[in-house]
Amino acid sequence: MDSSAFFLKTISDIFTAGGAITAFSLLIYVVTFQIKDLVTRTYTILLACVVVILGTDAFFTTTINPGELSFLLRLQYIGLIIVPTAYFYFSNALLSLTGKPSQGKRTVFGIITIGVSLVFIYLNFTGKLYSDIAIDNSPVPNIQRTMFFDVFTGYFIIVLVAVWYNFVRAVQRTASKKSKRRMIYLVIAAFGPALGSFPYLLYGSSIIQIYPSLFWLISIIAYLLISISIIAMTYTVSFFGLPWPDRLIKSRLLKWIMRGPATAILTLGVTTIISRLGAQYNLDLSAFEILGMVATIVIFEFSVTIFAPYWERILFFGDEKNELEKIRQLENKLLTKNDLQHLLELILASFCDMLQTKNAAIYEILDGSIGKKIADIGQIGTPLEFNATEIDFNKSDDSQILLYRTLKQDLIFPIYQSIGEVTNLLGILHCPGSRHIDLNDEKQENLKQLVSRASMVLYDRKQQENIINSLEIFTPQVSELQTLLASSRFNQSKIYRDEDITASEKFNKYVKDALDHFFGGPRLSRSPLLQLISVKNRINFHSETAVTALRAILHQAIDRLRPNGERRHTNEWLLFNIIDYKFLEGWKVRDLCRKLSLSEADFYRKQKIAVSAVADQIMIIERENN
């Protein structure tokens with residue numbers, strides 16, 4: 001093999017493996033984030049075909065065994081045969097998404113493509129699609145074409161014509177500028193996998209024997225085209241059905257590509273080039289292969305981490321930079337309850353060191369009374385119990401720390417927050433058993449500083465609770481807007497219609513998930529049931545958080561299942577008992593089956609009926625609120 005052919009073959013092998021890695025990574029991305037949508041499901045099949053085609057082609061470079069090559073080639077042609085069918089169903093789903101469902105013709109044509117694909121798969125395994133595999137001086141295993149192979153080539157072209165006809169109609173039906181632009185990107189990018197299949201249609205042609213360098217050049221272009229096109233297609237398909245803002249979709253996809261396929265391809269390229277150079281010049285470069293692999297992965301991953309915030313600001317934020325920066329700062333700077341409690345414990349530790357005592361605690365003030373203990377250190381014993389309004393918390397002058405003693409001669413430090421002329425009592429710092437402590441001026445100043453720090457933490461704690469409660473109230477509306485954005489991006493008519501959650505096939509599942517996390521959890525806080533009108537009404541009229549409102553609706557629906565009178569363990573009470581014991585009281589299934597005299601199999605059947613009954617009651621409540 002001459003040097004030019006060797007160089008082109010090496011680059012082609014890298015691009016082949018790179019294309020397979022890219023397709024597989026994007027397949028995982030699509031399956032992970034958006035498999036629920038019809039368009040993405042059909043696109044997943046198309047991506048799987050590309051993975052099979054490029055993956056088997058990458059293995060061709062690792063073996064010359066005729067049996068293995070025959071198996072790989074027949075596997076590869078399964079993917080190639082399914083490509084036209086996957087393309088058609090993808091274009092059909094795309095056109096249906098724009099509000100043009102099939103009236104019968106596209107459905108029939110799709111069934112025909114499935115039947116034809118099965119015929120060609122049969123011909124593939126019986127050796128009638130192509131005959132022998134020749135390993136000669138040609139660049140790749142050379143198949144002997146048959147008449148059926150030429151028929152398949154014609155069929156491939158006919159189906160792709162129908163596919164692009166659907167694509168053009170989908171573009172014409174898209175209304176908004178941004179969505180139309182993305183649809184055009186998709187149609188252009190869709191040429192990639194089809195044109196990338198061209199080298200496989202050359203198998204058995206004399207051109208690959210006469211011009212091997214030309215074949216490798218065509219292969220490089222084809223593999224590069226496939227990689228770029230499936231990235232562009234995945235980018236566009238990511239906007240179908242995903243209720244995420246555009247910037248988040250772009251950012252996640254770019255990070256996925258950079259950390260996954262880009263890193264893998266770059267590492268593969270470095271190691272392949274080092275390996276091929278060693279083989280070409282009879283040098284042992286195995287140590288450099290390992291070094292190059294490790295260095296490439298570490299340096300590239302480090303670069304992605306360092307430069308990700310900068311490219312996000314440049315590529316995705318645009319005019320929203322200031323708003324998004326504030327949102328990001330809010331996420332980074334908000335402290336959780338555990339963070340604030342840890343800070344209070346540090347303050348208490350410093351307080352105890354200052355007074356040479358072992359015990360101290362901080363209580364919050366609720367409606368003028370001592371509330372729950374929110375931080376402590378040492379052995380506090382009996383909680384502090386008295387009404388804060390009964391203690392004379394008169395402010396002393398600035399030179400003295402506010403210090404009081406209870407009837408038990410414990411030290412009490414009121415924690416104030418002053419805003420203008422208004423002074424609020426936020427909490428109490430309690431130090432039990434400290435009767436005789438001499439506070440000089442320095443200690444008083446230091447203690448005053450510690451109390452001031454505690455005041456700042458308690459005030460910030462209340463403010464952050466208000467922010468989080470506001471976010472909970474705001475979440476259902478944001479979720480509804482995101483869902484509306486996702487459903488209306490490519491179908492303008494959906495902006496007129498509200499999605500009816502109660503009409504969903506998964507409504508019972510949503511109810512079951514919410515009941516499973518009735519007292520808190522992601523299945524409740526992120527439940528689609530938060531979009532119910534009855535939940536929104538409670539939020540508006542009762543000023544409740546979204547989770548509290550949904551929990552109230554679930555409780556209301558469960559109460560409607562309760563028969564009149566005292567609880568019994570009869571069939572009349574069975575559905576209510578199952579829901580109440582299992583989800584509200586948290587009984588274990590085994591104990592509950594014993595209580596209700598049911599087998600586990602019978603219990604799960606009855607539980608399904610009980611959950612369905614709760615769902616029916618929620619539907620009734622929803623109609624009443626509507």
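Every read-out reported here was derived from the displayed coordinates using simple, explicitly stated rules and does not represent laboratory data. Here the structure is a predicted model, which is why all the values come from computation and not from measurement. FYI the Cβ positions are ideal-geometry reconstructions off the backbone, even for glycines, and counts take in every protein chain you see.
Length available on full extension from I112 to A308: 0.36 nm per residue minus the Cα-Cα distance, which gives 65.8 nm. Model label points for L355 and A552, set 7 angstrom from Cα along the Cα-to-Cβ axis, are 4.2 nm apart. Summing Lys and Arg as +1 and Asp and Glu as -1 over all other residues whose Cβ lies under 15 Å from the Cβ of S227 gives a net charge of -2. Counting every other Cβ atom within 10 Å of each residue's Cβ, D580, D559 order from fewest to most as D559, D580.
Taking a Cβ cut-off of under 12 Å around N577, the surrounding Lys, Arg, Asp and Glu residues balance to a net charge of +3, with basic ones at +1 and acidic ones at -1.
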